[in-house]
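These notes concern the structure reproduced below.
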Amino acid sequence: MKNMLSDRSYAAPMLALRLAIGWRFLFEALVKLYNPGWSAKGYLLSSEGWFSFFFHWLAGNETLLRAVDFLNTFGLLFVGLGLLLGLFYKAATITGLVLLSLYYLAHPPILSNSGIPAEGNYFLVDNVLILTVAMWALLKFRTNLTYGLDGYILSKKGERISQTA
Amino acid sequence: MSEIENPGRRSLLKGLIGAPFIGAIWGGAIFKSRRDQSIREEILKELNIEVETPAPLGPVSGDPIRIGIIGYGIRGKQLAQALGFLPQADLKALKEAALANKNDRRYQDFISQENLNVRITGVCELFDVRAEEAIDAGTTDNNKPKRYRTYQEMVESKDIDAVIIATPDHLHAPMSIAAVKAGKHVYVEKCMTHNVAETYELYDVVKNSNIVFQVGHQHRQTQSYITAKDIIRKKVLGHVSLVQTTTNRNTDNGAWQYHIHEKASPETIDWEQFLGPAPKIPFNKEHFFRWRKWWAYGTGLSGDLLTHDFDSINCILNMGIPKYVTASGGIYTHRDGREVPDVFQVTMEYPDFSTGSSQEPGKEKGMTFLYSATLGNQYNRGTLLMGHDATMSLGATLEVHADRASTRYRDLMRQGIMDDDTPVFSYNPAQGVDAVTSATAKYFAQKGLLYTYRDGKRVDSAHLHLKEWLVCIRNGGKPSCGIEEGFEEAISAHMATLSYKTGKRVEWDHSQRKIVNLSEEEMI
């Protein structure tokens, strides 16, 4: 892994993937944040598939729904900033994986699914699942250590340790 | 500066490689939000539509109102349920259905329905099996409904305050007239009457009484229709030249091919009373259970389904009885011996009607109400009110699309604030997913006839319509679909039927208040 990351021909596309997904998450978070009328209610209520009962339940309770709206917006924000800055990278990518998995389960691309209009044709694998796999790859390829604030903070810590030593 | 000279700075620059993007994204998001917000505000300011919540109906406290149910077939049973009464077996079935399917909210809706403080003290039903069911439904700890063998006996009873009439159409007027004359309040299903002559008779009897009279057009309680009234009041659509309403069904049940009960026989059905004023014919199970298919008892698509669409538009536009009506159609998809058409088109002309105009005075006037029905296809064509400035599609939900050639919205269109692809106003009081079980139920639900919403909660609109009637009985006031509205509904529907039967364009004279171009024979 270290060899691959130190090789720019690997690091560059992984970094580009990280920034692109970070962009996607941050923009989505901010649009929700600046739209006080936004709520996940419609999305949750239109859930289909095996776990729809769970998402309908979330939508049916005002307190839970407010919590979902808050966690979703700030979860997206955390992931977006984490990926763009390479900061708290592991926590951000894991949060991203959780959010994407929930989106996938809320609207699984099963053949009977008719809820959310899609721009393509999907069976089990859709854009959300591909993003989930990409997020997994990001978690494993730690570009944040070279191109991220995590790496900078670690190097500073290292300096302090070597100075005190 | 070389990397060797300052490795820390190099590391920080690399660490912040994504930071410049954040500014761009943040700026983009703020720009998008402000633009969306300003478009939304500009459109809403221009339209000025108020999503009205109807004023709560008055209290239902006091002694229970004693109800007599006349007719406990499909609709009678639904109305009793809307009042809060179901046979034990049906209640159990609803509960089991809810347990089997979490989206099936019918049981929850029923048990959380408001108590309307009524008792079913009488049942008049001609089929013994249904009569027993009705008695079962109405039986409570302190009340057991009495079975009346005739409606005349029931309306004369001192144990009855009000009657709900859900019988075949040919019995609506005789029963209503008898009840009103006996001083009983009346809730009667559509079509209010079976022919033109009895429409006048019923009108006069009700007008000369003090009873509360309500026709069963429950969509008057539907929230989206109430909002639609405000849209018309604010002239959002401009001059409406065409209203399109439709019936789209493709099932046997939707075509009135109802189940014939296995216990039906001359011993279990009072056939003479069923016939009433209809021509005397020998006992016929099919006529009893599928009466909507024959002119002797029913009013065809005009009285049965056009009336819902007519009244829903009349409650929004208040356009009244049309000047001219033409109708055509045939029996094209259910050639099973029926008399009434199953494909049916009606045009109602209102040459002097206007919903207001954004153009120069005098340019726009007149409207056509179009009703197009088929019982051979269930593609939902919806209801459209088509104005010069915008189109409103209407059912349980409501959407308004601005028209690209609109005069009123010309500037907003030019500025890109409005376009004709995106609705300028969209209103869904449910914001939820409902489990609707049958194709016919779905047809009614789409039209806003089955359910509406109050404070975000799903409510049977018939429950609210009955409640409105009961509140008026208790506290005074005028229900939303009284004798004036019923008169307009019935006459307009009969004009359509007469046009179909005679092949003539039927003309109504508003000053004489009568149909002027048909002979007495043609009017029957």
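Residue by residue, here is whether (1) open to solvent by 10 Å² or more (accessible area, probe 1.4 Å); (2) part of a strand (DSSP E or B); (3) not aliphatic (A, V, I, L, M) holds:
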{"residue": "B:325", "(1), (2), (3)": "no, yes, no"}
{"residue": "B:371", "(1), (2), (3)": "no, yes, yes"}
{"residue": "B:377", "(1), (2), (3)": "yes, no, yes"}
{"residue": "B:384", "(1), (2), (3)": "yes, yes, no"}
* touching a residue at least 24 places away in the same chain (Cβ under 8 Å), surrounded by 15 or more Cβ atoms within 10 Å (Cβ to Cβ) and not in a helix (DSSP H, G or I) - does that describe any residue in segment B:302-316? -> no
* Count, please, the residues in segment B:149-158 that happen to be open to solvent by less than 60 Å² (accessible area, probe 1.4 Å) and touching an Asp or Glu at 6+ places or on another chain (Cβ under 9 Å). => 1
* Hey, residue A:57 of a type in the set (A, V, I, L, M, F, W, C), without any contact (Cβ under 8 Å) to a residue 60 or more places away in the chain and more than 11 Å from every other protein chain (Cβ to nearest Cβ) or not -> no
* Can you name every residue in segment B:81-102 that is open to solvent by less than 50 Å² (accessible area, probe 1.4 Å) and within 22 Å of residue B:260 (Cβ to Cβ)? -> B:87, B:90
* To do: Quick one: count up the residues across segment B:386-414 that are part of a loop (DSSP other than H, G, I, E, B) and modelled with pLDDT under 90.
  => 3
* With the condition kept exactly as written, say whether any residue in segment B:30-40 is more than 12 Å from chain A (Cβ to nearest Cβ) and either at pLDDT below 85 or within 30 Å of residue B:409 (Cβ to Cβ) (or both). => yes
* To do: Taking only segment A:10-31 into account, find how many residues are in contact (Cβ under 8 Å) with a residue 40 or more places away in the chain, open to solvent by less than 50 Å² (accessible area, probe 1.4 Å) and at the interface with chain B (Cβ under 9 Å from one of its Cβ atoms).
  => 7
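For every residue, the table says whether it meets (1) within 22 Å of residue B:226 (Cα to Cα); (2) at pLDDT below 95; (3) of a type outside the set (S, T, N, Q).
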{"residue": "B:475", "(1), (2), (3)": "no, yes, no"}
{"residue": "B:486", "(1), (2), (3)": "yes, no, yes"}
{"residue": "B:514", "(1), (2), (3)": "no, no, yes"}
{"residue": "B:518", "(1), (2), (3)": "no, no, yes"}
* Before we move on, is residue B:247 surrounded by 19 or more Cβ atoms within 10 Å (Cβ to Cβ), outside the structural domain of residue B:498 (by TED's automatic domain parsing) and of a type in the set (S, T, N, Q)? -> no
* **Exclusive hit being within 19 Å of the chain's Cα centre (by Cα), at pLDDT below 95 and polar (S, T, N, Q), set B:312, B:302** => B:312
* To do: Among the residues of segment A:32-50, write down those that are away from every other protein chain (no Cβ under 11 Å), surrounded by 15 or more Cβ atoms within 10 Å (Cβ to Cβ) and out of contact with any His (no Cβ under 9 Å at 6 or more places or on another chain).
  => A:40
* Would it be correct to say that residue A:73 is closer than 29 Å to residue B:18 by Cβ, buried (at least 21 other Cβ atoms within 10 Å of the Cβ) and either at pLDDT 90 or above or within 11 Å of chain B (Cβ to nearest Cβ) (or both)? -> no
* Which residue out of A:119, A:62 is within 12 Å of chain B (Cβ to nearest Cβ), exposed (fewer than 13 other Cβ atoms within 10 Å of the Cβ) and modelled with pLDDT under 90? -> A:62
* Exclusive hit being exposed (fewer than 13 other Cβ atoms within 10 Å of the Cβ), more than 11 Å from chain A (Cβ to nearest Cβ) and at pLDDT 80 or above, set B:59, B:20 -> B:59
* Which one is nearest to the other protein chains (Cβ to nearest Cβ) among residues in segment B:415-435 that are within 13 Å of residue B:227 (Cβ to Cβ) and modelled with pLDDT of 65 or more? -> B:428
* Asked: How many residues, within segment B:339-369, are outside any loop (DSSP other than H, G, I, E, B) and either open to solvent by less than 50 Å² (accessible area, probe 1.4 Å) or basic (Lys, Arg) (or both)?
  -> 9
* To do: Could you tell me which numbered condition residue B:194 fails, if it satisfies all but one of (1) over 19 Å from residue B:308 (Cα atoms); (2) out of contact with any Phe, Trp or Tyr (no Cβ under 6 Å at 6 or more places or on another chain)?
  => (1)
* Residues being open to solvent by 40 Å² or more (accessible area, probe 1.4 Å) and either more than 25 Å from the chain's Cα centre (by Cα) or charged (D, E, K, R) (or both): count how many of those fall in segment B:484-522. => 19
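The values are calculated or read from the model by the stated rules, or taken from the named source; none is laboratory data. Quantities reported herein were computed from a predicted structural model and do not represent experimental measurements. Virtual Cβ from ideal backbone geometry, glycine too; neighbours counted across all protein chains shown. Surface areas here come from the heavy atoms of the whole protein model, side chains and all, with no ligands, DNA or RNA. Shrake-Rupley method; radii C 1.70, N 1.55, O 1.52, S 1.80 Å.
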